[in-house]
Amino acid sequence: MVLRLHYNLEKLSMGLVGAIILAASVGGIVEIAPLFTIDETVEIPADLRVLTPLELAGREIYMREGCYACHSQMVRSLADEIDRYGPYSLASESAYDHPMLWGSKRTGPDLARVGGKYSDPWQVAHLIDPRAVVPASIMPAYPWLMRPLDTAGLPGALATLARLGLPYDAAMIAGAKADALAQSRPDGPGIQGFQDRHGDRPALRAFDGDPGRLTEMDALVAYLQSLGTQTAAASALLEEARHEP
Amino acid sequence: MHPSLTNAERQIGLGLAVGLALLGLAMAAMARDGAMAVHGAIALALGLGLVFRLGGALYDAAPAGPDRAARYDDAPTRFGITMTLAWAMIGMGAGIWVAALLYWPEGTPPWPATSFGRLRPVHTTGIIFGFGGNALIATSFWVLQRTARARLADAISPWVVLIGYNLFCTWAVTGYLMGSTQSKEYAEAEWYADLWLVVVWVIYFALYLRTLARRAEPHIYVANWYYMAFILVVAMLHIVNNIALPVSLAGAKSYTVWAGVQDAMIQWWYGHNAVAFFLTAGFLGMLYYFLPVRSGRPIWSYRLSILSFWGIVFFYIWVGSHHLHYTALPYWVQTLGMTFSVMLLVPSWASAGNAIATLNGAWGRVRDDATLRFMFVAAVFYGLSTFEGSFLAIRPVNSLSHYTDWTVGHVHSGTLGWVAMIIFGAIYTIVPQLAGREAMAWPKAVEWHFWLAVLGTLVYVIAMWNAGITQGLMWRTYDANGALSYSFLQSVQAMAPYYLLRTIGGLMFLTGAAICALNCRATLRAATARDLRNDRPLAAQPAE
Ligand code: HEM
């Protein structure tokens, strides 16, 4: 019977087309659609902050240079990963990530919680020449990151992300270029405005060691130092679990 | 290209080429960033090149007009095979270079464009889309015409598809070199390239259906089911995964509309089904045509081919979440991915078994004919890597293998052992026919290629298995005091010999592919007048 049916289906190109589309749609719909509704995946922690313009520029550089090809940003819920990298990652932590950078290959260590693990000068020296800091490293050197950062695209980038639902307001978009500069100049004039717009949680430092210049290095290091610090939800959860008898 | 077109078609082609040049000019003029300007210039140059090529031939003698309808349209296939081999050199060359950089990181020149992170997607896109995609399109035209016993529905669309597709590939890989990327694995190309691909794909699918509509056989042969599944589902995956909001229409940068865990699920729904429908379904179509043709034996079981086709189409779509075990993706989705991955073994082995059983009774030919041996080895590796895939999808196994080189080993046992081998088998079957010859110009070189390919694959895959399992174990080993035994760096250092071996295996594989390219060139240059006696006769058709 079924064979007979199929025998006839083979004579109809549009029949095959319809059957293929039908068969190939079910799995995706069942697995993907619920993710847009259930609490576990749509919840956003109250303390989650968006990236500052400088950090966002750093994220773009992270993508541009393909750091994600060697580094994951997803600590799995396995004992050894928690011991090595810190609390396992929660869905809510990447709620603002367009796109997510969970990665698929660990040629280098996971970076989901690398923020604050090293000093800025360590990060700068490591990016310029990893083997100067870690002799056995196989990470590529990125000497060109000391070039000036192009901030022209930042307002447009923030505006686009705001249209996708991220809480960037009009003042943050308009001030994006100034705020990128201000965040890397701890003694500069733009600090007040920066903190009005982004609060006092983001770090204010000359990330590349030179407050006089705004470089790609400033942006990338600011981004790396922000990883894992945008919400405390994961460490709170781990603490709670540890204190339960 | 132009010899296969009539004068009227050359005029239409000229119009399209002018259109492409204008599009390129507009992009280059409007663009506010480097990547888009360069891509506009590439389109402009290509458009102008085509204008000269077609314009120059506008009034040349057209091919014997009415007679044309009595032959298959194989000029596009020939071009597609040339591009397949060209992309093989680019993609595998980039693969070897990035493999070498992991062993020899100081080798990175101090220019951004040659850095590992930018070249790795050049390898994956160049090899999957450039090498694999051109092979799929080129063979699909060949197979479609012969199984339908009909000429392609028109003479221009196949060129639009092939040239447009290669423009997409070129835009993609040059974009990564300039740092323009969406960073979604296997979907790194930016929004305008993605839109362009959708247009090309619609023309491709329309051509497929229009040609099927002309078929002289009531039944659509199984190879075509697979090619159709490939075209349709890849379109669906590509569109959904790439929905993005450009920052400006005059710039390359865009943001995907998907975020966080939803993005992860959609990305791997796409990513794994790129494996399923690009690197598997299309190539099964190739296998189902070329294996019976070359071995002279019909497919062993018709029922099994129905079972495995629908099994693959239905099951595969569910398995993407096995890339996200133990992550922040809800547990039940991971479980579904694991369950379907294991069930997938049934249709996969049904296909592999069907292919191998088809060879029963032709083992003598497998021994003597290196081309048929390529196809046999492809079927064997297909069986092995689908088994490995189902195994790696099991949650506890995945806890060890994920993020390690075991995955890379698994990927390459599939791509080198299965995808590349079946492509070479198909190429060695088609090229002599294109040249009107009995055999390749250098039959001995096929034998050399075969052994280089098999050895290279084994060296690569075995090195990566060792690397991955070592890594996975080092990361999770605790000492007696309950502390982790190894630092991450120690696991990096342990990889050095394997990375070296992998580079050597890759070099052997590339050497074989280079021999193939030279052999094809020699064969096509030594072409004789096309001998149509061995080809499947075209059904008589009304004049075009
Ligand atoms: C000359 C032969 C080849 C060499 C030397 C080679 C080398 C490599 C290297 C070094 C990587 C990166 C691995 C890492 O990040 O650690 C890679 C990844 C990859 N290659 Fe190849 N490759 C070759 C052939 C192929 C072919 C023929 C295909 C497909 C048709 C292919 C598909 C892929 C894919 C899909 C990945 C990504 C794997 C992942 O993300 O897990 N490769 N290859």
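A few notes on this one:
- Within the set B:A172, B:A138, B:A187, the sole residue that is over 30 Å from A:G58 (Cα atoms) and touching a residue at least 40 places away in the same chain (Cβ under 8 Å) turns out to be B:A138.
- The residues of the range A:69-88 that are small (G, A, S) and either touching a helix residue (DSSP H, G or I) at 6+ places or on another chain (Cβ under 7 Å) or more than 16 Å from the ligand (Cβ to nearest atom) (or both), listed by number, are A:A69, A:S77, A:A79, A:G86.
- Within the range B:483-503, the set of residues being buried (at least 18 other Cβ atoms within 10 Å of the Cβ) and in contact (Cβ under 8 Å) with a residue 24 or more places away in the chain comprises B:M495, B:Y498, B:Y499, B:L501, B:R502, B:T503.
- In this structure, A:D47 does not qualify as more than 8 Å from every other protein chain (Cβ to nearest Cβ), at pLDDT 95 or above, surrounded by fewer than 21 Cβ atoms within 10 Å (Cβ to Cβ) and at negative phi.
- Any hit, the range A:209-222, residues being of a type in the set (S, T, N, Q) and open to solvent by less than 60 Å² (accessible area, probe 1.4 Å): yes
- Within this structure, B:N354 passes the test of being surrounded by 23 or more Cβ atoms within 10 Å (Cβ to Cβ) and more than 12 Å from the ligand (Cβ to nearest atom).
- Any hit, the range B:90-104, residues being open to solvent by 30 Å² or more (accessible area, probe 1.4 Å), closer than 25 Å to B:F424 by Cα and more than 9 Å from the ligand (Cβ to nearest atom): yes
- Look at the range B:392-412: where a residue is within 11 Å of the ligand (Cβ to nearest atom) and a partner is part of a strand (DSSP E or B), sitting 6+ places away or on another chain with Cβ atoms under 9 Å, you get B:Y403/A:K105; B:T404/A:K105; B:D405/A:K105; B:T407/A:K105; B:V408/A:K105.
- Put simply, of B:A244, B:A259 the only residue that is closer than 25 Å to A:E60 by Cα, open to solvent by 20 Å² or more (accessible area, probe 1.4 Å) and facing another protein chain (nearest Cβ under 9 Å) is B:A244.
- Scan of the range A:161-180 for residues that are without any contact (Cβ under 8 Å) to a residue 60 or more places away in the chain and farther than 25 Å from B:A244 by Cα, ordered by number: A:A178
- Total residues in the range A:24-74 satisfying the condition of being among the acidic types (D, E) and under 17 Å from the mean Cα position of the chain (by Cα): the figure is 4.
- The range B:172-196, residues that are small (G, A, S) and in a helix (DSSP H, G or I): B:A172, B:G175, B:A193
- Test: B:Y270 is free of Cβ contacts under 8 Å to residues at least 24 places away in the same chain and either surrounded by fewer than 24 Cβ atoms within 10 Å (Cβ to Cβ) or within 16 Å of the ligand (Cβ to nearest atom) (or both): no
- Yes/no for B:A378 being of a type in the set (A, V, I, L, M) and either within 14 Å of another protein chain (Cβ to nearest Cβ) or within 16 Å of the ligand (Cβ to nearest atom) (or both): yes
Residue-wise test of (1) of a type in the set (A, V, I, L, M); (2) within 10 Å of chain B (Cβ to nearest Cβ).
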| position | (1), (2) |
| --- | --- |
| A:I32 | yes, yes |
| A:F36 | no, yes |
| A:T41 | no, yes |
| A:G66 | no, yes |
| A:H71 | no, yes |
| A:I82 | yes, no |
| A:S89 | no, yes |
| A:R106 | no, yes |
| A:K117 | no, no |
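- Taken together, B:A441, B:A480 contain a single residue that is of a type in the set (G, A, S), without any contact (Cβ under 8 Å) to a residue 40 or more places away in the chain and surrounded by fewer than 24 Cβ atoms within 10 Å (Cβ to Cβ), which is B:A480.
- At least 2 residues being within 14 Å of chain A (Cβ to nearest Cβ) and out of contact with any strand residue (DSSP E or B) (no Cβ under 6 Å at 6 or more places or on another chain) is the threshold, and among the helices (runs of 4 or more DSSP H) wholly inside the range B:48-155 those reaching it are B:75-103, B:116-125, B:134-148.
- Filter result for A:P99 (in contact (Cβ under 8 Å) with a residue 24 or more places away in the chain and crowded, with 20+ Cβ neighbours inside 10 Å): no
- Unmet criterion (only one of (1) surrounded by fewer than 24 Cβ atoms within 10 Å (Cβ to Cβ); (2) more than 10 Å from the ligand (Cβ to nearest atom); (3) away from every other protein chain (no Cβ under 13 Å)) for B:I427: (1)
- Selection from the range B:357-390 of residues that are surrounded by 24 or more Cβ atoms within 10 Å (Cβ to Cβ) and at positive phi: none
The values are calculated or read from the model by the stated rules, or taken from the named source; none is laboratory data. Model, not experiment: these values are computed from the prediction. In this analysis, Cβ positions are derived from the backbone assuming ideal geometry, glycine residues included, and neighbour counts consider all displayed protein chains. Side chains are part of the model used for accessible areas, which takes the heavy atoms of the whole protein and leaves out ligands, DNA and RNA. Shrake-Rupley method; radii C 1.70, N 1.55, O 1.52, S 1.80 Å.
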